[in-house]
Each structure stands twice: as C-alpha cells, then as structure tokens.
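Report on the following structure.
The values are calculated or read from the model by the stated rules, or taken from the named source; none is laboratory data. None of the values given here were measured: they were computed from a predicted structure. Counting neighbours? That spans all protein chains shown, and the Cβs are built from the backbone with ideal geometry, glycine included. Accessible surface areas use protein heavy atoms only, side chains included; no ligands, DNA or RNA. Shrake-Rupley method; radii C 1.70, N 1.55, O 1.52, S 1.80 Å.
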Amino acid sequence: MDLDVLIFGGGAAGLWLLDDLSRRGVRVLLLEAGRLGHGQTVASQGILHGGLKYALQGFMTPSAREVREMPGVWKRCLLGQAAPDLSGTRVRAAACHLWQTESLKSRLGMVAAKLSLHVAPVELAGPDRPPVFGCCRGPVYRLDEQVISPATFTADLARQHRDRILRYDFPRGLQISVAGPGVVARVALVHPQTGQPLEFCPRQLVLTAGAGNAELRRLCGLPGEVMQRRPLHMVLVRGSLPVLNGHCIDGARTRVTVTSDCDAAGRVVWQVGGQLAEDGVALDETSLVHHARAELEQVLPGVDFSQAEWAAYRVDRAEHAHPQRGRPETALALSEGKVITGWPTKLVLAPQLAKNIAALVPSPAGAALPPVAAPADWPRPDVALPPWDESRPWRCLAPFRRSDAA
C-alpha cells in the first residue's frame, strides 16, 4: 500500500498529527501497538498549561511564550470553532485554582506568575473562594486554564479517524526494512489473528510513540541518544472528596498539583502530581502515599481524608534529550532521512508538534487522490483506561499523626 506518511503512536501527538495531515489531503495511516493514549496521554492530568512553571521561575523564553498561546488553540477546538473539532471531549474544569503556602518564596513566585502569564491569575475574594480552601490562610487565585479528560480527548479524535488507525503486535508483528540510517524502504505488519501480511511503502515515517520511540528508532537504523525519559510517581486518592483542580504554589515550584475526575463507580478521584510526583520517584508506593497524605493535610487543612483510599502509579515522560536531563521547554520534531521523530514534551503542545511535523512533510503532488483507509477486517486499538480504573491495589491509611510526616 502506497502512503505519504505512516505514523507510529496513538497518543495525543500522533492523533493530532493524523487529523492535521488527513485534512491537508495527505495519504496517512496511524499504527498503535497497545491502547490509544496508553502511557503519557491518558495518564496525564489534563491541564492545558499556559506556561505557569516558566512564570514561577521568573523568565519567559521564546519557547515559553509559544506555550502560553496553546490554551487558546485548544479552547477554540474544544468549542468546535477550529480544527480538529474536539467538541466531544469532556472539559473537567473551565479553570484551575492557585493557592499559596505562607512562605515569602511563595508570594514572590505568584508575583512573577501574574507578570508573565498571558492570562494572569485573578485573586478571589472571600465569598468567591471555593469551600475546599476554607481553612487555607493564604490568598486563592483563579487561572483560566482548562482541564480536560485525556481519555475522552483520545476517544474523540480516534472516533473521527477510525478508518485510518490500525493495531499491531510489537515487536513480532512488525518488520521495518531499511536501506540505510533513517532510509525506510518498507514496513510490514502481520495480522494478529489470521497471520496475513500487510505491507506499506511510505514516503515518510513519523514516530510519536513516546517511550516507544527509542526501539522504533533502532529498527530504523537511528541512534537512541537523542531521547531521554524522566520518571514521575503519581498519587491517586478516591472517596468523598471535593472537586479540585489546581496548584499549590511554593516559591518557583508547584508543591502539589491536584486534578479531579470520577471513577467507574462514581467516586471522586484526585490525581496528585507536581513536585510531589518528582520527589516520589525515589520512594516506594507505601512511603509515597504516606508522604502525599502528610503534604495534602498540610496544604489543604480543611479536607477530611480519614475515609479516603490511596494508590500510586509510575509513568515516564519521554522527551528529546536535554542537558543534565532537564525539562525541555518546547516540542521537537527531528528529521533524519525518511524518518521524523516527535516529542510534544507536554500534552498542551500537541498542536504545535503537529504543525512542526506537517511543515517537514512534502505536500501531495499532482491530482488529489482518494483518502487512504485501512483494511476493514484489521483490528483497531481500544482507548486506554484512566489510571484509577485500571486494576491496582488501593489502601486506607491510619488517621494522620504529625509524626507520620517525619
């Protein structure tokens, strides 16, 4: 099958690119080895950041300014006013809240944020403060950054392009023939049930498979040193909890970031990230959930966690390599031979990465050809479950004692 582009990886980056290229008349298909959005996309907290972390650190580079334009791009798509049409994506919250610790560093960080962000935080007066902050002594702000459900976003785009998405088995169901580094001659799949082959002769291969990019690059004869993986250890809390989406600011960092959703049983679930998830990489699950309980008790003293259940999960952020393994500022598309490797860095940058990759793909030549579609009998991947609906151990913790935080 002749193709202009074959995409590997059905997360936010691959699906947004699939939509972009197909609307341009490019003959494109997407391959996914697991579930759509599995890994970084569906496990993410879904906040459409506008550069808060850069602002807290008091600097706005050109790349950071690029980030702060992205929430507006998403907002138009979520309203169905721009392509891709994401009106089927569930918006968890229209805005986040910011609240501070009582430290001087915390107050200075908030001043930097108000000066640098495209949409500045607005301080809320007493009656406008959500009840969850009733016992917080510091100021509370509203920041107009939307929070989406990553699972429904993934399902929304997948539904629109079902005929262009295939599932395959990795590695035994895939063969990539190369004539040199990045010079891909042929891609062959094996049907997972029947064993029938399916061959492609793509003019361009695009890798947007997150952590899977490393092995795919090896199969394409390309080095893997251009990629890094930075781990997170996220916390989940479920029970009779208030709905909360926001960041606790402590100096130049987000001490904790909390987003809320409901699980399959209708219980409110919190995803807890921020600095807590970075520090948690060095902790086992038991130690992390006790540490998380202590942190949340301290920054949200009015919330009752006595009946809550706790769990944790690990996820890697796959990114282009950065000096000293630091956090890359922006998305990157790397072109080598007939292969383009893409890393969006964060969910909100998926549109920018798609734009960058599309600029590297030649426009279709000659008369427009009919859209390409995968064989109807070929299996399609499902959408990944949110982390809280996956099978995992949950635990109740003993009542909080100050000594537990030691």
| said: Quick check on this structure: which one of A333, A292, A318, A311 is open to solvent by less than 30 Å² (accessible area, probe 1.4 Å), part of a strand (DSSP E or B), in contact with a strand residue (DSSP E or B) (Cβ under 6 Å, 6 or more places away or on another chain) and over 29 Å from Q352 (Cβ atoms)? | reply: A311
| Quick one: would you say A354 is outside any strand (DSSP E or B), open to solvent by less than 60 Å² (accessible area, probe 1.4 Å) and touching an Asp or Glu at 6+ places or on another chain (Cβ under 6 Å)? | yes
| Flag for G34 being open to solvent by less than 10 Å² (accessible area, probe 1.4 Å) and touching a strand residue (DSSP E or B) at 6+ places or on another chain (Cβ under 9 Å) | no
| Pairs with Cβ under 6 Å, 6+ apart, first in region 389-406 and farther than 17 Å from A265 by Cα and at pLDDT below 90, second open to solvent by less than 60 Å² (accessible area, probe 1.4 Å) and not polar (S, T, N, Q) | F400/E297; D404/A294; A405/A294
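Conditions tested, residue by residue: (1) touching a His at 6+ places or on another chain (Cβ under 7 Å); (2) at pLDDT 95 or above; (3) surrounded by 24 or more Cβ atoms within 10 Å (Cβ to Cβ); (4) outside any helix (DSSP H, G or I).
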{"residue": "F59", "(1), (2), (3), (4)": "no, no, no, yes"}
{"residue": "S63", "(1), (2), (3), (4)": "no, no, no, no"}
{"residue": "M70", "(1), (2), (3), (4)": "no, no, no, no"}
{"residue": "W74", "(1), (2), (3), (4)": "no, yes, no, no"}
{"residue": "A83", "(1), (2), (3), (4)": "no, yes, no, yes"}
{"residue": "S87", "(1), (2), (3), (4)": "no, yes, no, yes"}
| query | Residues in region 255-273: is at least one at pLDDT below 95 and either closer than 30 Å to R27 by Cα or open to solvent by less than 40 Å² (accessible area, probe 1.4 Å) (or both)? | reply | yes
| request: State which residue pairs qualify: first residue at positive phi and inside region 9-35, second residue part of a loop (DSSP other than H, G, I, E, B) and surrounded by 22 or more Cβ atoms within 10 Å (Cβ to Cβ) in any location, beta carbons under 6 Å apart, and separation of 6 or more residues or different chains. | output: G9/T208; G9/A209
| query | Among all residue pairs at least 6 apart or on different chains, which show Cβ distances below 7 Å where the first residue, located in region 247-267, is acidic (D, E) and the second is open to solvent by less than 20 Å² (accessible area, probe 1.4 Å)? | reply | D250/S106; D261/S149; D261/V269; D263/V269; D263/W388
| query | Got a number for residues in region 311-332 being touching a Leu at 6+ places or on another chain (Cβ under 6 Å) and either over 27 Å from P387 (Cβ atoms) or of a type outside the set (G, A, S) (or both)? | reply | 2
| message | Which pairs turn up if I take residues in region 310-338 that are under 30 Å from W270 (Cβ atoms) and look for partners that are among the acidic types (D, E) with beta carbon separation below 8 Å, at least 6 apart in sequence or on another chain? | response | A311/E285; A312/E285; Y313/E390; R327/E319; P328/E319; T330/E66
| Could you list, in sequence order, the residues of region 381-392 that are closer than 11 Å to L236 by Cβ and open to solvent by 40 Å² or more (accessible area, probe 1.4 Å)? | D389, E390, R392
